[in-house]
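Everything below concerns the one structure shown next.
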Amino acid sequence: MDNVFAYLAHAGGKLDDSALELLGAARTLFPGAAPVALAAGSGASLDAACQEAAASFAEVWKFDQEVLAYPNAELLRPLLARVLPPGAIVLLPHSTLGMDLGPGLSVKLGAAYLPDVVDGSAAAGMTLEAVRQEFSGQASAHVTCDLSAGAVVTLRSGAFKADASRSAAGRIVDRSPDAAGLAARRRFVKLVQAEAGDIDITREEVLVSVGRGIGDKENIALVEELAGAMGAALCCSRPIVDAKWLEKPRQVGTSGQTVKPRVYLALGISGSFQHLGGIKGSPFLVAVNKNPKAPIFQAASVGVVADLLELVPALTEAIRKGR
Amino acid sequence: MEILVCVKRVPDAAENEIAVEGGALRGDDLVYSVNEWDNYAVEEAIQIVEREGGSVTVVTVGDGESEEVLRREMAMGANQGLLLSDPAFAGADGLGLATVLAAAVRRGAYDLVLTGAQADDGAAQVGGMLAAILDWPFASLVNSIEAQGGLLRVGREIEGGAQEVSEIDLPCVLSIQTGINEPRYVGLRGIRKVASVELPVLDAAALGVAPAPARVRRIDYFVPPAGAGADMLTGSTAELAGQLVELLKAKGGLK
Ligand SMILES: Cc1cc2nc3c(=O)[nH]c(=O)nc-3n(C[C@H](O)[C@H](O)[C@H](O)COP(=O)(O)OP(=O)(O)OC[C@H]3O[C@@H](n4cnc5c(N)ncnc54)[C@H](O)[C@@H]3O)c2cc1C
Ligand SMILES: Nc1ncnc2c1ncn2[C@@H]1O[C@H](COP(=O)(O)O)[C@@H](O)[C@H]1O
């Protein structure tokens, strides 16, 4: 494989964590390859990102254009379709940018699309075997991908170890002229930061977190009481916010807050990677779920298979008695 | 605005314990429903049409059983349903599905096509592929839509819950993220009302498509080895509560 490419996400002159994870993935999935890094952006922050990348990648293609200052997938897609050779294998992070860019890119390249890979082994000939998950991680699947016309592969954050082990003293190739004249029918206007709430769960040491297993809006009071008895703050998974049972600033996960508590009590949460992705610092994680096969038990320190509607009031009661 | 919304029938992960047996999902007792994200897409389409005029068509690629999800979305307020069904579509991968859907889009005169951001058993791919096949602009993970003359102002939900706001030309394809609205409730009465509506069915010949063989194939489902996993507590509810209190105390979980 001499045609493996990795798209580097970066901001403020720094590579995203995904960049070196893609290199780690490339070395696992395509051991013989010398992956070429692709970096698009504008000005000094792009230069800094390219410098950083050249420490690990043997070759970095730099695309410097003012319109690329914000990574708009509708510009990046035609750019990559223009510069990549036939049969290219392109690695992207399975981020909101990767999800925006990847599927259409595979169509434009005439390549296969293999999204959200969590594991895999070295490609054999023109076939890559990988592991994906479905149903928010409740089922895993082996999949094969035909590489003969190239492939766009997106990799789940954290699934492959970042690889900064080999210093490359890489070559930065300025390919900015190839990115001239890009125009998109979707134009970036602005970023709106997430609203701040009356509570900042990112600073809390002890969190009680509630998921869809709570069943009903009325039952939220049960977990509020528990959090009160523990002296903990209440947070939740995404469906609770979607249903408007709690406010967005209480949502833990990739599209919510990243928390670093000492203790995290997950009640009726299945354990999707988007939820777990918001829990950092290896807290003491207690999971209560009525399904013994829930993926949350893989991540938890202590697990209880129980109906939370029964267990939570009993726990609240036991804590109050113990005071 | 003429809006087409793509919907999919999936095993309902909130209703089922998804279990794997002999390389497949245990299927005998699975409850199916409309993919969660697709309900938000249909609700959004209905609200746009309520504001701007036009109509909402729901479409699915599937077998005869998939009719029920079209009827459910029509009970919600979609004006038409369209079933794309052919043995040749079975086993299609994301690209195959997008190819079939693109043929249906080309038969109509749609200004806007909505999909869910992802299917529970899918991979967040069909919307972006459909846009690329049609050569229409695309935005994924959309959590707000505002019509402004010949274009839309859309918000995409990105990492950390921030919103990326863009203008996008019509016609376009948008994939819809949960939480963009509150999908309306569908009662039995609503379903009964549309129970006997004729649903057009289009096959490969009528659509003039033949999906290419899948290049990405699922070999099997499996249960990953249990890894480190959690220490599991056992006992009566009172005993469990007692053990948890002790653990929480020890780990600084009680203030
Ligand atoms: C781009 C993107 C971003 C996302 N960002 C986030 C994010 O930031 N945060 C987030 O949380 N999700 C996020 N999601 C959604 C995520 O994929 C999952 O859908 C979500 O995390 C599931 O939430 P849940 O575990 O509460 O619900 P479910 O997956 O429905 O799980 C409910 C659990 O409750 C259990 N249960 C049911 N009843 C009971 C009972 N009586 N007692 C005990 N247990 C019970 C069930 O066994 C099940 O395991 C995102 C998705 C996408 C596509
Ligand atoms: N068989 C199908 N029929 C119609 N629409 C589909 C089908 N499969 C996927 N989609 C649409 O594509 C979205 C994303 O699905 P996926 O790419 O499979 O995760 C879904 O939310 C649907 O809107």
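Does region A:158-172 include one or more residues that are surrounded by fewer than 19 Cβ atoms within 10 Å (Cβ to Cβ), assigned to a strand (DSSP E or B) and touching a residue at least 60 places away in the same chain (Cβ under 8 Å)?
yes
Looking at B:LEU114, B:LEU82, B:LEU95, B:LEU70 in this structure, which one is within 30 Å of A:LEU191 (Cβ to Cβ), in contact with a Ser or Thr (Cβ under 8 Å, 6 or more places away or on another chain) and within 12 Å of ligand 2 (Cβ to nearest atom)?
Result: B:LEU114 is the single residue among B:LEU114, B:LEU82, B:LEU95, B:LEU70 that is within 30 Å of A:LEU191 (Cβ to Cβ), in contact with a Ser or Thr (Cβ under 8 Å, 6 or more places away or on another chain) and within 12 Å of ligand 2 (Cβ to nearest atom).
What tally of residues in region A:277-303 results from selecting those that are at the interface with chain B (Cβ under 8 Å from one of its Cβ atoms) and near ligand 1 (Cβ under 8 Å from one of its atoms)?
1
Counting only residues that are within 7 Å of chain A (Cβ to nearest Cβ) and in contact with a strand residue (DSSP E or B) (Cβ under 9 Å, 6 or more places away or on another chain), how many does region B:224-250 have?
10
Would you mind stating whether A:ALA196 is within 11 Å of chain B (Cβ to nearest Cβ), over 22 Å from A:PRO93 (Cα atoms) and modelled with pLDDT under 95?
yes
Yes or no: region A:304-320 includes at least one residue that is more than 16 Å from ligand 1 (Cβ to nearest atom), more than 9 Å from every other protein chain (Cβ to nearest Cβ) and not hydroxyl-bearing (Ser, Thr, Tyr).
There is at least one residue in region A:304-320 that is more than 16 Å from ligand 1 (Cβ to nearest atom), more than 9 Å from every other protein chain (Cβ to nearest Cβ) and not hydroxyl-bearing (Ser, Thr, Tyr).
Within region A:19-114, which strands (runs of 3 or more DSSP E) (wholly inside it) include 1 or more residues that are in contact with a Cys (Cβ under 6 Å, 6 or more places away or on another chain) and over 27 Å from B:VAL216 (Cβ atoms)?
Those strands (runs of 3 or more DSSP E) span A:36-41, A:59-64.
Of all residues in region A:188-221, count the ones that are over 24 Å from the mean Cα position of the chain (by Cα), within 22 Å of A:GLY281 (Cα to Cα) and among the small types (Gly, Ala, Ser).
Of the residues in that region, 0 qualify.
Kindly list the number of the only condition in (1) touching a residue at least 40 places away in the same chain (Cβ under 8 Å); (2) more than 10 Å from ligand 2 (Cβ to nearest atom); (3) in contact with a Ser or Thr (Cβ under 7 Å, 6 or more places away or on another chain) that fails for B:TYR40.
Status for B:TYR40: all satisfied but (2).
Check whether at least one residue in region B:188-201 is under 26 Å from A:PRO103 (Cα atoms), within 16 Å of ligand 2 (Cβ to nearest atom) and either more than 22 Å from the chain's Cα centre (by Cα) or modelled with pLDDT of 95 or more (or both), and report yes or no.
Of all residues in region B:188-201, those under 26 Å from A:PRO103 (Cα atoms) come to none.
Checked region B:188-201: no residue is under 26 Å from A:PRO103 (Cα atoms), within 16 Å of ligand 2 (Cβ to nearest atom) and either more than 22 Å from the chain's Cα centre (by Cα) or modelled with pLDDT of 95 or more (or both).
Looking only at region B:175-193, which residues are closer than 26 Å to B:VAL105 by Cβ and more than 10 Å from chain A (Cβ to nearest Cβ)?
Passing the criteria: B:ILE176, B:ARG184, B:VAL186.
Select from region A:74-132 the residues that are buried (at least 24 other Cβ atoms within 10 Å of the Cβ) and modelled with pLDDT under 95 and list them in ascending order.
Within region A:74-132, no residue meets the criteria.
Go over the candidates A:ILE199, A:ILE214 one by one and state the one that is out of contact with any His (no Cβ under 9 Å at 6 or more places or on another chain), of a type in the set (A, V, I, L, M) and farther than 23 Å from A:ALA318 by Cα. Can you show your working first?
On the way: A:ILE214 fails: farther than 23 Å from A:ALA318 by Cα.
Unique residue meeting the criteria: A:ILE199.
Those residues that are at the interface with chain A (Cβ under 7 Å from one of its Cβ atoms) and β-branched (Val, Ile, Thr), I need them from region B:122-139; list them, please.
B:ILE133, the sole residue that qualifies.
Do you know which residues across region A:97-120 are under 23 Å from A:SER140 (Cβ atoms) and of a type outside the set (A, V, I, L, M)?
Within region A:97-120, A:GLY98, A:GLY102, A:PRO103, A:SER106, A:TYR113, A:PRO115, A:ASP116, A:ASP119, A:GLY120 qualify.
Does region B:12-28 contain any residue that is closer than 17 Å to B:ASN181 by Cα and buried (at least 22 other Cβ atoms within 10 Å of the Cβ)?
No.
The values are calculated or read from the model by the stated rules, or taken from the named source; none is laboratory data. Just so it is clear, the structure is predicted and the values come from calculations on it, not from any experiment. Cβ sites come from the backbone with ideal geometry, for glycine too, and all protein chains shown count toward neighbours.
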